[in-house]
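Here's the structure we're looking at; comments come further down.
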Amino acid sequence: MKINDLITQTGEWLKGDGPNADIVISSRVRLARNIKGFPFYHWAGKKEKEEILSIVKNAISKSKYMKGSLFVKIAAIDEIDRQFLVERHLMSREHAVNDEFKALSVDDREVMSVMINEEDHIRAQAIQSSFNLMDTWRVLSELDNELEDKMDFAYSDRWGYLTACPTNIGTGLRASVMLHLPALVITNHISRVLQAISKLGVMARGLFGEGTEASGNFFQISNQVTLGHTEEDIIDNMEKLVNQVVGREKSAREYLLTQNKPALFDKIWRAFGTLKSARIITSDETIRLLSLIRLGVDLEVIKDIDRRTMNELFIYMQPAHLQKLEGKKLSSMERDMRRADLIRSKLKV
């Protein structure tokens, strides 16, 4: 499997089907692990980092869950490929920074990926479509058990799994969901919702996770505390909280349809008209307008475009994806033109 193979397929999490897929884009669970007897990545020397990479690569090569997977050293790929993998939500922005001992492995369905020598020796994740946290956790747990059979993880009977960042100690688990919340934004209720969930130990971030601002009405929310809780407790608490947020978004959509339907439809169709006719468009404007069109699709105002197409557009209009599709590096203006062309071709109805 090669990086270019990914551009021709749709990742599992982009399929747009499953529970509450109109509001929940994806469910992701990530585990942080370190190998016993080695310093954490930022304190490790070159020889130690090289040995860590070799140990994890060998374990992955023997994994039935990662059979036939993509394996790349980050230093061996160019800037566009690194950004492409970040845009695809297969690795973090921090992992894209060049280091000869960093690597990434991705299974052939893009459900599971393993970052080697990120902040921790291993950052393994599973990501699936819609609201599916418990099933996503079970998938990742199988891989985690398999890897643990092949290497010793740093573990304390008192503290649990030992991690570079103290907030990950315990289970080392982060559960997150990507939510599309346009109605809460339009009705000016989003701030109240985000403030409420922050008091419950949950963090809201943007489309690409930590360090990014919310755009296009997308919010990625995840747990912050892992110590003193079991994996199942964390997942269960996240599911309860997400169900509440989903309920608030549904109520806001119903309100807009009953109390402000003409204005809502005007926003949706104006966005559709702009994207159908634009010849040059930035990524910021695109994501804002696509958010409104996706709302129109979910409300069945727009009936000739499916949710999967909308999800794909949010990814394929990103800078690295445009350049991968074109097969060459593009200037900012060239990307804006190519983005407009791509969107017009997808919105033909």
Show the residue pairs meeting these rules: Cβ distance below 8 Å; 6+ apart or different chains; first residue within segment 75-91 and within 12 Å of VAL106 (Cβ to Cβ); second residue among the aromatic types (Phe, Trp, Tyr) and assigned to a helix (DSSP H, G or I).
HIS89/TRP13
When the residues of segment 273-291 are filtered to those that are of a type in the set (Ser, Thr, Tyr) and surrounded by 16 or more Cβ atoms within 10 Å (Cβ to Cβ), which remaining residue is nearest to ILE25 (Cα to Cα)?
SER291
Here are the criteria: (1) β-branched (Val, Ile, Thr); (2) more than 16 Å from VAL24 (Cα to Cα); (3) not assigned by TED's automatic domain parsing to the domain that holds ARG174. Tell me which single one THR230 does not satisfy.
(3)
Return the only residue of PHE71, PHE84, PHE101 being crowded, with 19+ Cβ neighbours inside 10 Å, farther than 18 Å from PRO319 by Cβ and among the aromatic types (Phe, Trp, Tyr).
PHE101
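The values are calculated or read from the model by the stated rules, or taken from the named source; none is laboratory data. Predicted model only: the values in this text are computed from it and were never measured. Note that we place each Cβ from the backbone using ideal geometry, even for glycine, and neighbour counts take in every protein chain shown.
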